[in-house]
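Colleague: Supplied in structure tokens, the structure appears directly below.
The values are calculated or read from the model by the stated rules, or taken from the named source; none is laboratory data. As the structure is a prediction and not an experimental result, all values here were calculated from the model. Glycine also receives a Cβ, built like all others from the backbone with ideal geometry; neighbour counts cover every protein chain displayed. Accessible surface is based on the protein model in full, side chains and every heavy atom, while ligands, DNA and RNA are left aside. Shrake-Rupley method; radii C 1.70, N 1.55, O 1.52, S 1.80 Å.
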Amino acid sequence: MNFIEEFRSSQSGRTLLEYINKRSTKPARFMEFCGGHTVAIFRYGIRQLLPPHIEMLSGPGCPVCVTSTADLDKVIALSRLPGVIICSFGDLLRVPSSRQSLLEVRAEGADVRIVYSTMDALEIARQNPLKKIIFVGIGFETTAPTIAASVIQARNQGLANYYVMSLHKITPPVMRAILDAGETRLSGIICPGHVSSITGSNAWEFIPEEYHLACAVSGFESLDILYCVKSLVDQVEDATPRLDVSYSRAVKPEGNTAALKIMDEVFDICPANWRGIGILPQSGLCLRPEFAAFDAEKNFEIKLSEPSRETPGCLCGEIIKGTRTPLECKLFSKVCTPENPVGPCMVSSEGTCAAYYHYGGKLG
């Protein structure tokens, strides 16, 4: 077997499921933090294969989904400024703000471009020296190092027309906020794999130490997730919460020190506005003062004609926190579909509503 096939073995999967079903006797509610895990869990049908007393909830690990409407309104306002080119990853273009999406303002004439990396945005800046290129930086610790690297490269190459609108967020503070709120009683957490490859697994030690909850870092193959669920079940059954790493081939305790170093060079920690949660202190990344020349918020006047507002009936804010499911939303699969998304959880490829819709959750 090659390396990937080892984590897709049907026989190993059956063995793990048999173990979980025999071992698990206590009701348990596990939250997968990462949107990538949500999609994988649905794709592999893992929810249906677990004992009925194990409930799986989706958390706030979709970068597009947790971007607040107020922040999207700022991006829309920037796109209307003369001489500005907005660069963004594709998912963000279809997310509705208070009144429009980036896709809609592009149809009206705004210069909004989809890029696949920050290198694409830098190339647009080089090719358009008389334009002001604003890269919309969203995501967690996984994508932040690449945005930091682009700022350093722009400085080194003298690209004075390149700017970043940093909407980056840090993951441990929002997990703390959800646990502190107590709206959802949890037995354990499936910690994010890609994020942890940057931050290191040590970033999650506070979950068992302070909240006495089981936790394990998971990869994205079916066996990765089942190994993680097995670990959580063992911890719950033995009442011994701890941090396990079921993704050791990619995650080290200390993380990626080179990526962390470049993030620290470019970014300061600051408050961030999370959809459904509000402003959390020490949960965002903003450019350090020495990189202020590349900070879109500091170099452009952002005027909002009206206060931001949420779409009536959309439950994305509650779904992100795990307090509601898409099936409880009256708009889900009726008014809100992938072709006509009302909220970001239906837009993003990692959104909980999109996962429910595409993998049978719409059927109940």
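Colleague: Put a dot 7 Å past each Cα toward the Cβ at V335 and N202; how far apart are the dots in nm?
Modeller: Those two pseudo-labels are separated by 4.9 nm.
Colleague: Please state, as a whole number in µm²/s, the translational diffusion coefficient that the Stokes-Einstein equation yields for the stretch 115-226 at 20 °C and 1.002 mPa s, with Rh defined as the Kirkwood radius across alpha carbon pairs.
Modeller: Reported coefficient: 130 µm²/s.
Colleague: Continuing with this model, one more query. Using Cα centres only, tell me the gap between the stretch 317-361 and the stretch 189-231 in whole Å.
Modeller: Centre-to-centre (Cα) distance: 24 Å.
Colleague: Sticking with this one: Relative to the present Cα-Cα distance, how much length would full extension add between T146 and R43 at 0.36 nm per residue of separation?
Modeller: Numbers: separation 103, 0.36 × 103 = 37.08 nm, distance 2.88 nm.
34.2 nm is the gain from fully extending T146 to R43.
Colleague: Right, another one. What dipole magnitude, in Debye to the nearest 20, does the stretch 284-364 give about its Cα centre under +1 on Lys/Arg Cβ and -1 on Asp/Glu Cβ?
Modeller: 320
Colleague: Mind checking the per residue accessible area of the stretch 57-127 for me, 1.4 Å probe, whole number of Å²? The partial results should precede the final answer.
Modeller: On the way: 2510 Å² over 71 residues.
With all protein chains present, the stretch 57-127 gives 35 Å² per residue.
Colleague: Work out the FRET efficiency for R288 and E210 from their Cβ-Cβ distance, taking R0 = 30 Å, and round it to the nearest 0.05.
Modeller: Efficiency computed from Cβ-Cβ geometry: 0.50.
Colleague: When the chain is fully extended, how far beyond the present Cα-Cα distance does D268 get from N299, taking 0.36 nm per residue of separation? Kindly include the intermediate steps, with their values, before the conclusion.
Modeller: Numbers: separation 31, 0.36 × 31 = 11.16 nm, distance 1.75 nm.
Additional length available on full extension: 9.4 nm.
Colleague: Right, here's the next one. If you line up the Cα atoms of the stretch 202-265 on their principal axes, what length do they span on each, largest first, in Å?
Modeller: 43, 29, 11
Colleague: Of the accessible area of the stretch 135-278, with the probe set at 1.4 angstrom, what percent is carbon plus sulfur? Walk me through the numbers on the way to the answer.
Modeller: Working: 2540 of 5070 Å².
Reported share for carbon and sulfur atoms: 50 percent.
Colleague: Beyond 18 Å, what share of the Cα-Cα pairs of the stretch 1-155 is found? Please give it as a whole percent.
Modeller: Cα-Cα pairs in the stretch 1-155 separated by more than 18 Å: 69 percent.
Colleague: How big is the accessible area of H53 in square angstrom, nearest 10, if you roll a 1.4 angstrom probe over the protein chains?
Modeller: 60
Colleague: With label points built 7 Å along Cα→Cβ from the Cα atoms of Q11 and L81, find their separation and express it in nm.
Modeller: Each label point lies 7 Å from its Cα, and together they span 6.2 nm.
Colleague: So which residue, out of T325, T118, T240, gets the largest mean-square fluctuation from a GNM of the chain using Cα contacts under 10 Å as springs?
Modeller: T240
Colleague: For the chain, compute Rh as the Kirkwood radius over C-alpha pairs and then the Stokes-Einstein diffusion coefficient at 37 °C and 0.692 mPa s; write the answer in µm²/s, rounded to an integer.
Modeller: The calculation lands on 155 µm²/s.
Colleague: Reachable lysines from K298, Cα under 28 Å, same-chain residues fewer than 8 places away excluded?
Modeller: K74, K131, K132, K169, K261
Colleague: OK, next. Considering only DSSP beta bridges with both partners in the chain, what is the antiparallel share in %, to the nearest 5? Write down the numbers at each step before the final one.
Modeller: Numbers: 9 of 40 bridges.
Of all bridge pairs located within the chain, approximately 20 percent are antiparallel.
Colleague: Could I ask something else about it? Would you calculate, for the chain, the mean residue ellipticity at 222 nm contributed by helices, counting each DSSP H stretch of 4 or more residues as -39,500 (n - 2.57) and dividing by all residues, to the nearest 500?
Modeller: -11000 deg cm²/dmol
Colleague: If I take the Cα coordinates of the stretch 65-160 and project them onto the principal axes, what are the three extents in Å, biggest first?
Modeller: Largest first, the stretch 65-160 extends 38, 32, 19 Å along its Cα principal axes.
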